[in-house]
Amino acid sequence: MRRREPIVPLRRTDGGGDGQRPLSGFMFQGQAMSMPIARPQGGLLARRVRRPTWAALSPTILELATSISGVGLAFFMLMHLALLFSVLLGRQTMDDLAAFLERYYLLQAMAPLLLLLIGAHVFLAVRKAPATFRQQQVLWRHMRRLRHLDTWTWAFQVVSGAALLVLIAIHLWVILTDVPIEAAKSGARVYGIYLWFYIPFVILVEGHISIGLYRVAVKWGMLSRGWAHVALTPWTAVVLALGFAILATFYAVGGSP
């Protein structure tokens, strides 16, 4: 008969435990029992919790800045719409409001701030737009394959943003080089060839703003996609109706003697 060898308990080499089973042998399946185990300073919590770096935070900060600049432009457009809404109350009402803004140089003060805000928003938003023809082809293939509403709305934002950059520059040049602002001047422009300029301008501006607000609300968890659709669909319809009502009023003012 074989002689039974006595069982010698294994000893831990990491400075702890009851000596019944070595941690190194359990982890490394019988490798060197006396292998030291390196422990990070500060324990397990210090190993898992790391300080955020700029490389990790910069995408979020840039996205937040893009959203803030977009919401700022949407707020300005609401103020601009309120100014134009006064023409529905009469051409004299609009003229008085425009004279008040010019008397206290509010129009001149807002123009540089508006240009700065537009420039910042374009700079922040264009970093994600497909710049090359190859990138645009890839985007088009993904859009057709995915058939997801948010992908199409993002593509609309890119296209409408590029178009608005040109249209807004023309609009500001026409307005700021023909001060003071008067209902009769605006009506004459709309009654003439500028009617076909302002029709797509109104559609693109209101569509870009509404879709932008939808994306901001969904991106930052303010609203779910369903509730965002419920809230912004009537909003878009109302704003478009108001914009075309203002346009029709200017057309009537320009056509009247």
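Give the order of ARG91, ARG144 when sorted by the count of other beta carbons within 10 angstrom, beginning with the fewest.
Placing the least packed residue first, the sequence is ARG144, ARG91.
Within the set of other residues whose C-beta is less than 14 Å from the C-beta of TYR214, count the net charge using Lys and Arg as +1 and Asp and Glu as -1.
Cβ neighbours under 14 Å give a net charge of +1.
Report the local net charge at ASP95: Lys and Arg +1, Asp and Glu -1, summed over other residues whose C-beta lies under 13 Å from its C-beta.
Numbers: positive: ARG91, ARG103, LYS185; negative: ASP96, GLU102, GLU182.
It works out to a net charge of 0.
Read-outs throughout are calculated quantities, based only on the coordinates presented, and are distinct from any laboratory measurement. A quick note: this is a predicted structure, and the numbers were derived from the prediction, not measured. Cβ atoms come from the backbone with ideal geometry, glycine included; neighbour counts cover every protein chain shown.
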